[in-house]
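J.: One structure follows; several queries about it will come next.
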Amino acid sequence: RKSKITASRKLLLKSLMLAKAKEEWDQEIVDKQSEKERYLAERVTPLHTSGLSLSQLQDLCRELHEKVEIVDEERYDIEAKCNHNTREIKDLKIKVLDLRGKFKRPPLRRVRVSADAMLRALLGSKHKVSMDLRANLKSVKKEDTEKERPVEVGDWRKNVEAMSGMEGRKKMFDAAKSPTGQ
């Protein structure tokens, strides 16, 4: 027989877990900070500038500049390597996608589904009205289409007035014709 945990017990356990995680996270931050301070104490010696003459301060500055340049060059080299590696990773990912993409697709079969079945599949049990889509289509007989096709081809000059469409255009045509005729 399983014992069920009540909601209040779940909430209590969850809050205890979060409190423990927060405590461990804070301890981890403190540990990282102390490790950083220890590492810097080992690597970097403290500067003693008091009591130095001007020339000694200048020498110290030159030494520090040289060290900064060396570190900056190393940083630049590491950054260039990192960029090169990211480009290479990107290219390899593209190659993998290209290789993975070449597969044979299976031929699709045609499945006849009525409009009612399609609506039932899309809408579920909500669909109650049956639709006959073919009933709304207009029926066209071949005889009707053949009657409309024959068009007589005649002299286009006889039909200018009928083809002009607007009387205003015909008048403009006549007006343009009369000054050149005089």
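Quick note: the coordinates plus some simple rules give every number you see, no bench work behind them. The shown structure was predicted, so the numbers you read here are calculated from the model rather than taken from an experiment. All Cβ positions, even for glycine, are placed from backbone atoms using ideal geometry, and neighbour counts span all protein chains on display.
J.: What does the charge add up to near SER15, with Lys and Arg as +1, Asp and Glu as -1, over the other residues with Cβ less than 14 Å from its Cβ?
T.: Here the count lands on +4.
J.: Quickly work out the ASP77-to-THR49 label distance, labels modelled 7 Å from Cα along the C-beta direction, and quote it in nm with one decimal.
T.: 3.0 nm
J.: Within a Cβ distance under 15 Å of GLU73, other residues only, what is the Lys/Arg minus Asp/Glu net charge?
T.: Result for the local shell: -3.
J.: Continuing with the same structure: Which FRET efficiency, nearest 0.05, do ARG109 and LYS14 yield, Cβ-Cβ r, R0 35 Å?
T.: For ARG109 and LYS14, the calculated efficiency is 0.10.
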